[in-house]
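This report concerns only the one structure given below.
The values are calculated or read from the model by the stated rules, or taken from the named source; none is laboratory data. Everything numeric in this text was worked out from a predicted model, so none of it was measured. Cβ sites come from the backbone with ideal geometry, for glycine too, and all protein chains shown count toward neighbours. Each accessible area value is taken on the protein alone, full model and side chains, heavy atoms only, with ligands, DNA and RNA left out. Shrake-Rupley method; radii C 1.70, N 1.55, O 1.52, S 1.80 Å.
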Amino acid sequence: AFIEFSTTGTQVCNYTLIDDNFIVNMQNYFNGPPGFNGQWYSPNGCTNWHDAMVDADNLSPNADMILFFTDGDPTCWGGAGNICSNGGSPPETPELVNPVKLANKMKGEGTHMFMLGVGTGIDVYNLQVMSGTVPYQSGTNTIGNSDYSIGNFASLATNLQTFVEELC
């Protein structure tokens with residue numbers, strides 16, 4: 001499944017096979033129209049970890065693993081029509097606590113949470129409270145037995161190949 005989030009969470013697609021067709025669809029999603037399922041990447045407003053985690057928690061069946069890509073701190077919380085925000089860092093308490101509660105609930109149900117902090121100024125503490133304290137180290141551990149990774153967009157693109165191979 002693929003869930004995009006900015007001001008609100010948007011489920012772009014439900015569970016699907018990761019194959020060459022899916023890769024093309026994801027490229028279309030990030031490159032704009034025609035997009036994927038009529039949607040394309042157009043972040044705006046704030047970063048709502050809470051609404052994305054609500055969408056993830058509502059998946060059926062429960063996810064085995066969540067790869068959570070983020071470029072910073074959560075800056076708003078709540079669902080569609082009820083968004084609250086301070087618009088900046090550090091996050092207000094519900095902006096971080098609400099998604100952490102949902103992450104912990106899902107982890108208790110068997111979901112592994114892996115956070116990918118991409119960009120500059122990533123708050124490691126926020127990644128760790130969502131996922132855990134074990135950093136990913138290529139060649140040492142896998143995304144299945146580590147909790148988070150931090151890098152820039154170039155390193156993310158390089159490491160995605162390794163992540164996909166580990167998943168397969």
Three principal axis extents, largest first, for the C-alpha atoms of the stretch 4-154, in Å? 42, 37, 33
Residues meeting the amide H criterion for C13 (H placed from the backbone, H to H distance under 5 Å, 5 or more places apart or on another chain) are F2
Which whole-number value in Å² is the accessible area per residue of the chain, probe 1.4 Å? 52 Å²
Pair Q27, T142: separation of 7 Å Cα→Cβ label points (nm): 2.7 nm
Work out how much length C84 to M65 would gain on full extension: take 0.36 nm times their residue separation and subtract the Cα-Cα distance, in nm to one decimal. 4.0 nm
Starting at the first residue of the stretch 45-58, write each ³J(HN,Hα) from the Karplus equation 6.51 cos²θ - 1.76 cosθ + 1.60 with θ = phi - 60°, in whole Hz, x for Gly and Pro. x, 10, 10, 10, 5, 4, 5, 5, 5, 4, 4, 5, 5, 8
What residues have an amide H closer than 5 Å to that of M113, excluding those fewer than 5 places away on the same chain, when H is modeled at 1.01 Å from N in the peptide plane? I66
Could you give the length gained by full extension between N104 and N44, i.e. 0.36 nm per residue of separation minus their alpha carbon distance, to one decimal place? 18.9 nm
